[in-house]
Amino acid sequence: MDGFVSLLHGFSVALTPMNLLWSVVGVTLGTAIGVLPGLGPALTIALLLPITFQVEPAAAFILFAGIYFGAMFGGSTTSILINTPGESATIVTAVEGHKMARAGRGGPALATAAIGSFVAGTIGVVGITVLAPVIVKWALMFSPADYFALMVLAFVTVSAVLGSSIIRGLTALALGLLIGLIGVDLQTGQARFTFGQMSLLDGIDVVIVCVGLFAVGETLHLATRYRRGKDEIIPIKGSLWMNGQDWARSWKPWLRGAAVGFPIGAMPAGGAEIPTFLSYFMEKRLSKHPEEFGKGAIEGVAGPEAANNASAAGVFVPLLTLGLPTSATAAIMLSAFQSYGINPGPQLLTTQPDLVWGLIASLYIGNVMLLVLNLPLVGLWVQILKIPMPYLYAGILVFATIGTYGISRSVFDLGLLYGIGILGFIMRRYDFPTSPVVIGMILGPFAEQQFRRAMTISQGDMSVFVTRPIAATLLALAALAILLPLVVELRRSLRARRAV
Amino acid sequence: MDRRQFMMTTGALGLMAGMPRLAAAQEIDDLEIFVPAAPGGGWDQTARVMDQVLRAEGLIGSSRITNVGGAGGTIGLPQFINQYSGEGNALMTGGMVMVGAIITNNSAVNLSMVTPIARLTGEYLVVVVPAASDIQSLKDLVAMLKADPGSVSWAGGSAGGSDHMLAGLIAQAAEVDPLAVSYVAFAGGGEAMAALLGNQVTCGVSGWGEFSEQVAAGNLRAIAISAPERVDGIDAPTIREQGLDVELLNWRAVFAPPEISDEDRTALVDLLTKMDASEAWQAALADRAWDRLFLAGDEFAAYLEEDTARIRGVLQGLGLAG
């Protein structure tokens, strides 16, 4: 209960009118940069670091927390409405969310994303307050071999987004794996698939691939199908608000998403993308309406959105308890701590309780603020869909271009964006799913690095994957996820044959 | 872009409100600072702290920071050389890692093409083991390394970076083939630390700043530091006093563009010498636990040349340079 007393104290630090104002500024700014593809919270906070020379630590961190959660929310808004994930963690949201929007149900999709983010964020903050020390101990037990097993499980879940044709889905996945290999290999320092291009040494930014495939590719595809005069505006069907059935189908995915997202977010190499894949897969398996997946299932928005926000909260566990930054945004926050002369580490909680609990309280305030600001705006956001297609898609291209150029100010990246856009167009034209490309690109290098780390540490002994309990359990789960549907199918067909 | 302008204006307004400006003492009206890395990293922080201090001390009027990140600075360097050539009011941040990246990436341009101004800060690397480890000193580690090089796993940053270099140098000095070292590269600071705290690897190498809190908390044990002699406030014996002739400094410095006039060069060296002497700079260094390692002008140029040759040697040993 000690944690809650401290949390209350944290609220007393964070809840001053001035700090609430900082929170509003942060959340608004965050939502705006989340909407722009390419501009992430890490970059924005980095550019705002000089502010730490001017204001109180609590105010700065409240601002940063607002930006962080605001960007997450902004990213899902564009994923749902215009199929352009502003963040790699909202790719899965685009899969179902955009289908919902195109079916005229953009309002409920945005609402379930907003409320799900709030619910999961809240669970995450409670998790930080109560579970932080336990979670950290558990997260540190993960060795590279265990991470590799987790990746195997994640790869299995990819099948949920492969679409109707397995061959096309696997082709797209392989393409993603290939793109993921480009750049200097971390373990040996050797360049792979860079063709002597300096600009390719750091690999291709996942955001550029997302924006290229989803925004540019989709826009080109729609442009080729556009017939003058026959402008179809997506009508908004039914209520803007979630109906009873939406609620009934959303609340479990919110909770499950949070349960997956928070612990994985707290793991030093967990990331925000993997829990969203896992959650999507889980919801597809558990849903009473699996046939709706791929056509706009609300569970497919609610679960991953909750997972994404819970993992964002989870990232603070290793940051505050061990001083371990596990995401780009956390790393920048760490340097913000340092500019106040504070070195986050195991003693942070005892030496700087005001700051730590103020920050945790401000995460909570940021969540509430987002809900308050965004729910009334859902009606406004969905109006975007009423913009006639030529203007809307021209606008998307402009934003995609500005966003991409804004990250690196590199003309090369712009060329890359449009090259990938054309690839996306061809894929779309011939009915290849595009999300497996991005998923392959994220999971592939991750799995490869963990595998090689595990092999270096064990000196090439493959048995580490079965002798370590965590790895063995995760691999067994993955095997189960593949075999179980096959067994069920086999039984059904046997029974059907017997009936004949 | 709107956002950028917005940031710059808020930043600038904040500064104007908070700090008195002493126009009379300005050395340079308008300073361009070029950072060959993305916002947030070490070189970027160096640039931003420099910018704050120079303005607070009234040594410059206005300034602009440009970030062009990627590939250990080798994307930004050619741009700096091309775009700022001959301009006496531009500075680029960089460091030891960039020297390594230029060699391993076979970059067409290198640091001999720009004008070295001053080395500002640096960090010595430390070797740590998990608290539960049997290894008590570098001697124990070296004994293990000699018995079976593959059995010692080292956690650190990307291959070819400063952490890897130190592992290679220690192996070389211990007469073990650096290529036989089991080096496990992690991206970013957090992951390598997690592997150490979770007891997944034998030892870890990184800057002292990364490890200091965990060493203070008793979770890690520092067994060696790559400094020439013991450093105040760091309870770790040097590598040298444990019998191996190895030292390594991960330095950060500033460079001016090629083909600037001698007056401009002298003015920039003066500017940074004044900055280094200021209390604001020293306070900022103390906040960030950066070591003050100021070395300016010709001395720095000579040091750069010497260090480049040495780094090339290490990377050749690791099989990363031709």
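Worth a mention:
- Within the stretch A:397-500, helices (runs of 4 or more DSSP H) holding 1 or more residues that are closer than 20 Å to residue A:208 by Cα: A:411-429, A:435-458
- Selection status of residue A:379, part of a helix (DSSP H, G or I), more than 12 Å from chain B (Cβ to nearest Cβ), surrounded by fewer than 18 Cβ atoms within 10 Å (Cβ to Cβ) and not charged (D, E, K, R): yes
- Number of positions in the stretch A:114-148 that are part of a loop (DSSP other than H, G, I, E, B) and either crowded, with 21+ Cβ neighbours inside 10 Å or of a type in the set (Ser, Thr, Tyr) (or both): 2
- Looking across the stretch B:36-48, the residues that are small (Gly, Ala, Ser) and either part of a loop (DSSP other than H, G, I, E, B) or out of contact with any strand residue (DSSP E or B) (no Cβ under 7 Å at 6 or more places or on another chain) (or both) come down to B:37, B:38, B:40, B:41.
- Subset tally (residues that are assigned to a helix (DSSP H, G or I) and at the interface with another protein chain (Cβ under 7 Å from one of its Cβ atoms)) for the stretch B:175-196: 6
- Put simply, of A:109, A:65, A:103, A:71 the only residue that is at pLDDT 80 or above, within 14 Å of chain B (Cβ to nearest Cβ) and in contact with a Gly (Cβ under 7 Å, 6 or more places away or on another chain) is A:71.
- Residues of the stretch B:197-211 that turn out to be more than 7 Å from every other protein chain (Cβ to nearest Cβ) and assigned to a helix (DSSP H, G or I), as a count: 4
- Helices (runs of 4 or more DSSP H) within the stretch A:311-363 that include 3 or more residues facing another protein chain (nearest Cβ under 10 Å): A:316-322, A:328-339
- Looking only at the stretch B:148-174, and only at residues there that are closer than 20 Å to residue B:105 by Cα and polar (S, T, N, Q), the one that is nearest to the other protein chains (Cβ to nearest Cβ): B:158
- Boolean, residue B:155 is of a type outside the set (S, T, N, Q), under 26 Å from the mean Cα position of the chain (by Cα) and assigned by TED's automatic domain parsing to the domain that holds residue B:223: yes
- Residues that are of a type in the set (A, V, I, L, M) and not in a helix (DSSP H, G or I), drawn from the stretch A:262-310: A:267, A:269, A:272, A:297, A:298
- Any hit, the stretch B:49-71, residues being at pLDDT below 85, assigned to a helix (DSSP H, G or I) and under 30 Å from residue B:113 (Cβ atoms): yes
- Residue selected from the stretch A:165-182 under the condition small (Gly, Ala, Ser) and buried (at least 19 other Cβ atoms within 10 Å of the Cβ), by the criterion nearest to residue B:72 (Cα to Cα): A:180
- The lone criterion from (1) modelled with pLDDT under 90; (2) under 26 Å from residue B:201 (Cα atoms); (3) in a helix (DSSP H, G or I); (4) not aliphatic (A, V, I, L, M) left unmet by residue B:319 is number (3).
- Residue within the stretch B:264-287 that is among the hydrophobic types (A, V, I, L, M, F, W, C) and in a loop (DSSP other than H, G, I, E, B) present: no
- When we screen B:185, B:143, B:195, B:155 for residues that are without any contact (Cβ under 8 Å) to a residue 60 or more places away in the chain and either farther than 28 Å from residue A:266 by Cα or surrounded by fewer than 17 Cβ atoms within 10 Å (Cβ to Cβ) (or both), the only hit is B:143.
- All of (1) touching a residue at least 12 places away in the same chain (Cβ under 8 Å); (2) of a type outside the set (Val, Ile, Thr); (3) surrounded by fewer than 21 Cβ atoms within 10 Å (Cβ to Cβ) hold for residue B:262 with one exception: (1).
- Matching entry among B:100, B:150 (being in contact (Cβ under 8 Å) with a residue 60 or more places away in the chain, in a helix (DSSP H, G or I), under 27 Å from residue A:191 (Cα atoms) and touching a Gly at 6+ places or on another chain (Cβ under 9 Å)): B:100
- Residue, farthest from the other protein chains (Cβ to nearest Cβ), within the stretch B:107-147, restricted to residues that are more than 27 Å from residue B:307 (Cα to Cα), not small (Gly, Ala, Ser) and not in a loop (DSSP other than H, G, I, E, B): B:140
- Residue among B:260, B:223, B:234 that is part of a strand (DSSP E or B) and more than 10 Å from chain A (Cβ to nearest Cβ): B:223
- Number of positions in the stretch A:171-199 that are touching a residue at least 12 places away in the same chain (Cβ under 8 Å) and more than 9 Å from chain B (Cβ to nearest Cβ): 15
- Boolean, residue A:320 is closer than 24 Å to residue A:450 by Cα and surrounded by 24 or more Cβ atoms within 10 Å (Cβ to Cβ): no
- Residue that is surrounded by the fewest Cβ atoms within 10 Å (Cβ to Cβ) [pool: residues in the stretch B:53-68 that are in contact with a Phe, Trp or Tyr (Cβ under 9 Å, 6 or more places away or on another chain) and free of Cβ contacts under 8 Å to residues at least 40 places away in the same chain]: B:66
The values are calculated or read from the model by the stated rules, or taken from the named source; none is laboratory data. Given the structure is predicted, the values throughout are model-derived calculations rather than measurements. Cβ atoms come from the backbone with ideal geometry, glycine included; neighbour counts cover every protein chain shown.
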